[in-house]
Amino acid sequence: MIFKHGCLAIASLLVLSAFAVAAELQRLTSAELRLRMLNNEANLAVVDVRGPGEFAKGHVQGARNLPGAEIASTNLSKDGLVVVYCGEDKCELSRKAAERFIAAGYLRVYLLEGGFTAWIAKGYPVETGRDSQRMKDRAG
C-alpha cells in the first residue's frame, strides 16, 4: 500500500513540476531582444516556430525558421541564448517549442513577449522570403 501511494505522490510531483516549468518560462521584450542583437550577443539564436509559409511572409531580422518537430535535430549552441516566438502571445507554438528546447538541454530559453506582432509594433527590422538561415544550417 505504501508503494502505491509513493508512486502516486511521485507522479503528482512530476506533473506539478511540468506545470511549474511551463509557468516559469522566461520572457524577453522586443526592446531587450533588439538591444542584444545590436550588441552582437554571442550565440544568440532567434527562432520562429511558425510554418514556412508564415515565416516567408515576414519574420524578425536574422531569425531561423524551426517548426517544433525540428528542434531535436538543430545544431544551436546549448548554452547560448535561444529566443522563441510565433505570431503573438496567444500562440501556444512558442511555449511548446520553448519547453522542447528546455527538455533537450538548452540552458537559456526565452519567449519573445508579444511574439512577432509586438516586434512589428516597435518598428524593428523585418525580413521576408524563404528561410535562408535554415538552408545555411543544414548545408554547414
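The values are calculated or read from the model by the stated rules, or taken from the named source; none is laboratory data. All values reported here derive from a predicted model rather than from experimental measurement. Cβ sites come from the backbone with ideal geometry, for glycine too, and all protein chains shown count toward neighbours. Note: areas computed on protein heavy atoms with side chains; ligands, DNA, RNA excluded. Shrake-Rupley method; radii C 1.70, N 1.55, O 1.52, S 1.80 Å.
Taking the criterion of being at pLDDT below 90 and within 19 Å of Glu32 (Cβ to Cβ), the only residue of the range 89-105 that qualifies is Asp89.
Conditions (1) in a loop (DSSP other than H, G, I, E, B); (2) open to solvent by less than 50 Å² (accessible area, probe 1.4 Å), marked per residue:
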position	(1), (2)
Met37	no, yes
Phe55	no, yes
Ala72	no, no
Asp89	yes, no
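Do the conditions hold for Ala103, that is, is it under 18 Å from Lys122 (Cβ atoms), surrounded by fewer than 18 Cβ atoms within 10 Å (Cβ to Cβ) and among the small types (Gly, Ala, Ser)? For Ala103, the condition - under 18 Å from Lys122 (Cβ atoms), surrounded by fewer than 18 Cβ atoms within 10 Å (Cβ to Cβ) and among the small types (Gly, Ala, Ser) - is not met. Among the residues of the range 39-53, just one is among the charged types (D, E, K, R) and either open to solvent by 40 Å² or more (accessible area, probe 1.4 Å) or assigned to a helix (DSSP H, G or I) (or both), namely Glu41. Of the numbered criteria (1) within 19 Å of Arg36 (Cβ to Cβ); (2) charged (D, E, K, R); (3) open to solvent by 90 Å² or more (accessible area, probe 1.4 Å), the one Glu113 fails is (3). Among the residues of the range 8-26, is there at least one that is touching a Leu at 6+ places or on another chain (Cβ under 9 Å) and either open to solvent by 70 Å² or more (accessible area, probe 1.4 Å) or modelled with pLDDT under 95 (or both)? Yes, the range 8-26 has at least one match.
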